[in-house]
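The values are calculated or read from the model by the stated rules, or taken from the named source; none is laboratory data. No experiment lies behind these values; they were computed from the predicted model shown. Because the Cβ atoms are built from the backbone with ideal geometry, glycine has one as well, and the counts that use them run over all protein chains shown. All accessible areas refer to the heavy atoms of the entire protein, side chains included, with ligands and DNA or RNA removed. Shrake-Rupley method; radii C 1.70, N 1.55, O 1.52, S 1.80 Å.
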Amino acid sequence: MSETENQQPAGGVTAEERQWAMISHLAGLAGAVVPLGNLVGPLVVWQLKKAEMPFVDDQGREALNFQITVSLALLACVLLMVVGIGFLLLPAVGIAALVLTIIAAVKANDGERYRYPFTLRLIS
């Protein structure tokens, strides 16, 4: 039986759990297509799988907390556009969010519990 058939690897996280955890992180990219999709995507994945998959519960919560933090940072950038600095910060926040989301997805796919830096842990 291979690991892709949902066998427990040495770390205790199944291939299916790793896949759903990766999806919960990547679901935050939905905000580029759908307004508030960066919040709704991770929330839906987390709510669907948290009861049956502890790894997805942890990583889905982390992804959602990060996307809430990114949303607050983007709101602050919009407000700071009044004084001009928001125009410089907005792309920086967007690029940082994209890079950190991809890093988190790769780590989750490897079965590692990833913690985003600079994240408000509002949902525990």
Spin-label model distance (nm) - L120 vs L75, 7 Å beyond Cα toward Cβ: 0.7 nm
Ordering of 17-27, 102-112, 72-82 by packing [mean C-beta count within 10 Å, highest first]: 17-27, 102-112, 72-82
Averaged per residue, the 1.4 Å probe accessible area of the chain, protein heavy atoms only, in Å², is roughly 57 Å²
Of all accessible heavy-atom area on the chain, the percent that carbon and sulfur account for (1.4 Å): 69 percent
CD proxy at 222 nm, helix term only [per DSSP H run n ≥ 4: -39500 (n - 2.57); per residue of the chain; nearest 500]: -21500 deg cm²/dmol
Given a Förster radius of 41 Å and the C-beta distance between V106 and V83 as r, what FRET efficiency does 1/(1 + (r/R0)^6) yield to the nearest 0.05? 0.65
Can you name the helices of the chain, as whole DSSP H runs, whose Cα span along the helix axis is 27 Å or more and whose Kyte-Doolittle mean is not below 1.0? 85-109
Just the projected area, averaged over all directions, of the convex hull on the alpha carbon atoms of the chain: how many nm²? 7.8 nm²
Build a GNM of the chain with springs between Cα atoms under 10 Å: which of G86, G60, G28 gets the top mean-square fluctuation? G86
